Amino acid sequence: MTPRVLLSPPDVGPLEESYVLDALRSGWVAPAGPHLEAFEREVAERVGCGHAVALASGTAGLHLALLAVGAGPGDVVVVPTLTFVATANAAVYTGAEPVFVDCDPATGNVDPDLLHELLRELRTLGRRVAAVLPVDMFGTCADYSRILPICADAEVPVVEDAAEALGATHHGRAAGSFGRAGVLSFNGNKIITTSGGGMLLSDDADLIARCRHLSTQARQPVPHYEHVEVGYNYRLSNVLAALGRAQLHRLDDIVARRRWLREQYAKLFAAVPGVRLLADGDWEANCWLTTVVVDPAVAGWRAADLAAHLAAQDIETRPVWKPMHLQPVFGGARALLTGAAERLFTDGLTLPSGYAMTESQLARVLDGIEQFLKSR
Ligand SMILES: *Cc1c(COP(=O)(O)O)cnc(C)c1O
């Protein structure tokens, strides 16, 4: 029985073991300690941001970042419709209303022209937009060369959801560094992992200090437990920060491997009519997940057909995110749409992209795809 090929499983080994053991033996088995401080410093350095706070999840980072830029009841937060639900949920946690915007079909990232139009529309309606929350889809940076000036003109802060994008760059600048604040995720399936965790980054020391305060139950700096506002328990454990430091050491290697995997898929699909890769040709991406997009009218088959064929061979694939405006929980939400996200949802398929995929597993995946193509 050959083991199942997974989409993007975590990969931990002796380096992670030694870091975690060190944390355990040090006695710092708490959401405080030297690994936590070092992890914050090292990630901030890597991303090129002045300050960072390590958190229990990327979602917590998005929530705190939105609170820090002043999002609250009555406000709008502009969110891509093509994203993981956490992006939209974070807006809702603050009491703000998420308003969805469609994507550029080439990358799946926010369409800057639509964003511009939506911000104008919201201004005409007299709505206060507390933040724009671009997502760096599957590790490809959104088009910040265009998004940042549009948001600056509208005087709306950008919070970058770089949950999937550590290690990616846009014109040489690192993912996570583009907004007033940027958020990374270290969930188990992400580019590097702390099993669960996240980080909030910013050049604004006050913003990070504020979020750090909110992440520790907003406890006042006095000997007894004094609270003048409601906070959250959002800190990362020192033990998990140790795991994160080991993974961070391996980041370049992990990204190189995932880029190489994308190249193999690119070669295989290059001559197949009606099939393209999402964000094809962007080698600044960290290539966290590689996605094929199938035009059924040209290809003569659907993404779901390939998914079924691979599933029968114990190879995991997954559809692209189901757009937020189609989610029952956000039914009736305001949205500016072109249909691009919906088409990516039906026509896109995410392929196994994990660092630890062995040569023989990769051969199985590529053979499986070739067999499928021949049978058509
Ligand atoms: C994973 C992810 C998050 C949430 O991160 P968690 O650490 O799982 O809370 C947010 N946004 C996007 C786009 C993600 O992929």
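Overview of results
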read-out	value
Residue within segment 295-305 that is assigned to a loop (DSSP other than H, G, I, E, B) and free of Cβ contacts under 8 Å to residues at least 40 places away in the same chain present	no
The lone exception for Pro112 - which of (1) away from the ligand (no atom under 14 Å from the Cβ); (2) out of contact with any Pro (no Cβ under 6 Å at 6 or more places or on another chain); (3) touching a residue at least 40 places away in the same chain (Cβ under 8 Å) it fails	(3)
Complete set of residues in segment 48-68 that are surrounded by fewer than 21 Cβ atoms within 10 Å (Cβ to Cβ) and away from the ligand (no atom under 16 Å from the Cβ)	Gly48, Gly50, His51
Condition broken by Asp75, with the remaining ones in (1) touching a residue at least 60 places away in the same chain (Cβ under 8 Å); (2) within 28 Å of Gly126 (Cβ to Cβ) satisfied	(1)
Residue in segment 212-222 that is touching a helix residue (DSSP H, G or I) at 6+ places or on another chain (Cβ under 7 Å), in a helix (DSSP H, G or I) and closer than 16 Å to Leu66 by Cα present	yes
Candidate set from segment 135-170 (those that are within 13 Å of the ligand (Cβ to nearest atom) and either outside any loop (DSSP other than H, G, I, E, B) or modelled with pLDDT under 95 (or both)); member that is nearest to Ala60 (Cα to Cα)	Asp161
Residue list for segment 326-343, restricted to those being away from the ligand (no atom under 16 Å from the Cβ) and not in a loop (DSSP other than H, G, I, E, B)	Leu326, Pro328, Ala335, Leu336, Ala340, Glu342, Arg343
Residue check, Gly188 buried (at least 24 other Cβ atoms within 10 Å of the Cβ), within 14 Å of the ligand (Cβ to nearest atom) and not assigned by TED's automatic domain parsing to the domain that holds Glu284	no
Any hit, segment 117-131, residues being in contact (Cβ under 8 Å) with a residue 40 or more places away in the chain, assigned by TED's automatic domain parsing to the domain that holds Glu45 and within 18 Å of the chain's Cα centre (by Cα)	yes
Total residues in segment 84-103, condition under 16 Å from Ala162 (Cα atoms) and of a type in the set (Phe, Trp, Tyr)	1
Odd one out for Arg259 among (1) assigned to a helix (DSSP H, G or I); (2) under 18 Å from the mean Cα position of the chain (by Cα); (3) within 18 Å of Glu45 (Cα to Cα)	(3)
Out of Val239, Val255, sole residue that is crowded, with 16+ Cβ neighbours inside 10 Å, under 19 Å from Lys190 (Cα atoms) and in the same structural domain as Arg25 (by TED's automatic domain parsing)	Val239
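The values are calculated or read from the model by the stated rules, or taken from the named source; none is laboratory data. These numbers come from a predicted model, not from an experiment. For neighbour counting, all protein chains shown are included, and Cβ atoms are generated from backbone atoms with ideal geometry for every residue, glycine included.
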